[in-house]
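Comments concern the structure below.
The values are calculated or read from the model by the stated rules, or taken from the named source; none is laboratory data. In this text the structure is predicted, and so the values were computed from the model without any measurement. Glycine also receives a Cβ, built like all others from the backbone with ideal geometry; neighbour counts cover every protein chain displayed. To get the accessible areas, we keep the full protein, side chains included, count just its heavy atoms, and leave off ligands, DNA and RNA. Shrake-Rupley method; radii C 1.70, N 1.55, O 1.52, S 1.80 Å.
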Amino acid sequence: MDNKATEKAAEKAHEKLNRAVVFLGPPGAGKGTQAKELAKKYSVPHLSTGDMLRENIAQGTPLGLQAKPIMARGELVPDSLVLKMVKQRIENADCSFGFVFDGFPRTVAQAQYFGELLKRCGYEQPVVVHFAIDPALVMKRITGRRMCKIGGEIYNIFERPTKVPGRCDNDGGELEQRPDDREEIVAPRLAAYAKQTAPLVAYYRRLGRLHDVDAAKPVEDVAHQVLNIVRGKK
Ligand code: AP5
């Protein structure tokens, strides 16, 4: 069976995820793109701390007001703020059949807290997918990224353009660029990743939970690598 046929068969069989899958990797590695697809395939929530923080900013909540200048500088939001937000979300009943987490945990302290939280909720420990990519490759992906204002669909003006420039293929929504996707903010984001998040690769590898994917490959190829990991074939 080819890749597409295998994936279709899985969808038909209504495979269950039943655990947390964590996507770990530098900004622009393709975590969000893959998380949306995997979550859709298994009908589980796609959780992203970045999206949750941006929603708080858009709504002008106290959390959003604190996070906004930090994110604009390309730095990580303090663990104390992120962990409270994550706890509330994971305790929702819709997470009980598994979920895909993109962009969390991002520090060793967050990972330790996450492990404890999963235990307390009676969930299995996560499968961690590491999106390995040369940081030099992500600049074009980040500066070219555009997102639909309505549905959040992710495009790229260089690699994944829409049929009508500036409009989402799904719902015709206007496309926008994230404020932290400007070239001058990319370097501090990559530096924050190298200093605070990259140690998680060794952390999860030691625990035997880490699986690498070659994130420099085309979207469909990365999706296939991810699916093999989730199904325990790698
Ligand atoms: P967040 O929103 O999590 O951003 P990020 O981790 O920096 O990741 P990105 O969303 O930039 O990239 P991605 O890997 O999802 O790539 P995508 O699929 O979009 O975080 C933003 C900020 O919030 C942080 O800087 C921090 O301040 C704060 N924050 C969030 N979580 C936090 C936490 N836990 N703790 C503390 N602070 C936190 O793809 C990128 C582009 O490439 C797209 O245009 C896409 O079309 C294209 N593309 C994707 N895959 C491919 C491919 N295989 N080939 C070619 N192009 C591709």
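For the stretch 141-156, a tally of residues being near the ligand (Cβ under 8 Å from one of its atoms) and either among the charged types (D, E, K, R) or touching a Pro at 6+ places or on another chain (Cβ under 8 Å) (or both) returns 5. Cβ-Cβ contacts under 6 Å between residues 6 or more apart (or on different chains), taken from a first residue in the stretch 123-136 that is modelled with pLDDT under 90 to a second residue that is in a strand (DSSP E or B), are absent.
Any idea which of Phe114, Phe131 is under 13 Å from Ala20 (Cβ atoms) and within 11 Å of the ligand (Cβ to nearest atom)? None of the others qualify; the one that does is Phe114. Every condition in (1) in contact (Cβ under 8 Å) with a residue 12 or more places away in the chain; (2) open to solvent by less than 30 Å² (accessible area, probe 1.4 Å); (3) not in a loop (DSSP other than H, G, I, E, B) is met by Met139 except one, and the failing one is (2). Taking the criterion of being more than 10 Å from the ligand (Cβ to nearest atom) and either in a helix (DSSP H, G or I) or surrounded by 19 or more Cβ atoms within 10 Å (Cβ to Cβ) (or both), the residues of the stretch 47-67 that qualify are Leu47, Glu55, Asn56, Ala58, Gln59, Pro62, Leu63, Gly64, Leu65, Gln66. Here Phe97 clears all of (1) more than 8 Å from the ligand (Cβ to nearest atom); (2) open to solvent by less than 60 Å² (accessible area, probe 1.4 Å); (3) in contact (Cβ under 8 Å) with a residue 60 or more places away in the chain except the condition numbered (2). Among the residues making up the stretch 155-172, a single one is open to solvent by less than 80 Å² (accessible area, probe 1.4 Å), closer than 24 Å to Met71 by Cβ and in contact with a Gly (Cβ under 6 Å, 6 or more places away or on another chain): Asn156. Restricting attention to the stretch 68-94, the residues that are within 10 Å of the ligand (Cβ to nearest atom) and of a type in the set (Gly, Ala, Ser) total 2.
Of the residues making up the stretch 200-222, those that are free of Cβ contacts under 8 Å to residues at least 40 places away in the same chain, in a loop (DSSP other than H, G, I, E, B) and within 11 Å of the ligand (Cβ to nearest atom) are Lys217, Pro218.
Restricting attention to the stretch 94-121, the residues that are out of contact with any His (no Cβ under 9 Å at 6 or more places or on another chain) and either in a helix (DSSP H, G or I) or farther than 25 Å from Ala194 by Cα (or both) add up to 19.
Is it true that some residue in the stretch 100-116 is among the β-branched types (Val, Ile, Thr), open to solvent by 40 Å² or more (accessible area, probe 1.4 Å) and under 28 Å from Lys87 (Cα atoms)? Yes.
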